[in-house]
């Protein structure tokens, strides 16, 4: 059951209270619905976490399998690096190779870590924004249900309150699905496009722009 479904249950219940007597069990059922909303919120947030764990894994795979090989090829094609590397390979002194690795290795790792942060950080921000949006909408659903519970306990103003409570329902499950779909599409475009290091830089920039655009939509 999604948030939108819960909202529709609340809407239906409010509508029914305007044209029928209220059973004595109704307030208790409304309270149980509140507990169910909380359980659904927890499940929804866990699914969100699992979704972004998988997306981060795909980004890591992209960095390891696509970006690093292209970056390494470009790095070692530099004339200065290439000449030093050739000299190290031809040297009979193993310390030369060790010295090269010690000097170049940390810089390569720094570049790799930097690229990963560039790709993962926008996903972290997007997850945080969507999580806040979900929590806000569930909080709204809880508030409406609490109000409904009070309304059932004291039904004297059911009719005049009906429209006001209906307007409070603003859970947008369709929007949440769009955010998730757009994120999935951005990840797929990032990991499926291939090219030289210049193309990869352009792809990474486009990916970050798309994620930040989704964040902006979430926060609207």
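The values are calculated or read from the model by the stated rules, or taken from the named source; none is laboratory data. All figures in this text were calculated on a predicted structure; none of them were measured in a lab. Neighbour counts are summed over all protein chains in view; Cβ atoms, including those assigned to glycine, are modelled from backbone coordinates with ideal geometry.
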### Message
For segment 178-195, which positions are exposed (fewer than 12 other Cβ atoms within 10 Å of the Cβ) and modelled with pLDDT under 75?
### Response
192, 194
### Task
Can you tell me which residue within segment 143-174, out of those that are within 23 Å of the chain's Cα centre (by Cα) and part of a helix (DSSP H, G or I), is modelled with the lowest pLDDT?
173
### Those residues of segment 50-109 which are under 27 Å from residue 186 (Cβ atoms), loosely packed, with under 12 Cβ neighbours inside 10 Å and modelled with pLDDT under 85, in sequence order
73
### Task
Give 92, 38 a once-over and let me know the one that is part of a helix (DSSP H, G or I) and more than 20 Å from the chain's Cα centre (by Cα).
38
